[in-house]
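Undergrad: Here it is: the structure, laid out below.
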Amino acid sequence: MYYVQQYGGQYIGAGTGIPSPSKQDAIPSVERLLVASAPFQQIVMTIRRIYRWENPSETAKYLVIYTILWWFNVILPGMVSRHC
């Protein structure tokens, strides 16, 4: 009880309730989320480029790889070996 009152006393008391959210409170969280998701953004943009046929030769390459993996029924092991 002593430590709670000493170090957390300012947080415990007759408060008015939960503080209202503000833009200044949300911006640091959004920035951290964007920085942490940077590797996934690159993967998502690659997938987007493939399914929109922005570069037909790249899309054809992935289509051939997928077809071969599908033919031999090793799609999941092929995806796992790609990321190792």
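Undergrad: Return the residues of the stretch 52-84 that are assigned to a helix (DSSP H, G or I), surrounded by 10 or more Cβ atoms within 10 Å (Cβ to Cβ) and among the aromatic types (Phe, Trp, Tyr); say none if nothing qualifies.
TA: TYR62, TYR66, TRP70 - these are the residues of the stretch 52-84 that are assigned to a helix (DSSP H, G or I), surrounded by 10 or more Cβ atoms within 10 Å (Cβ to Cβ) and among the aromatic types (Phe, Trp, Tyr).
Undergrad: Cβ contacts < 8 Å: first residue farther than 15 Å from ILE50 by Cβ and at pLDDT 85 or above, restricted to the stretch 60-84; second residue surrounded by 12 or more Cβ atoms within 10 Å (Cβ to Cβ) and among the aromatic types (Phe, Trp, Tyr), any location; separation 6+ or different chain. Result?
TA: Short answer, once both residue conditions are applied: ILE75/TYR66.
The values are calculated or read from the model by the stated rules, or taken from the named source; none is laboratory data. Note that the coordinates shown come from a computational prediction; the quantities given were computed from them, not determined experimentally. FYI the Cβ positions are ideal-geometry reconstructions off the backbone, even for glycines, and counts take in every protein chain you see.
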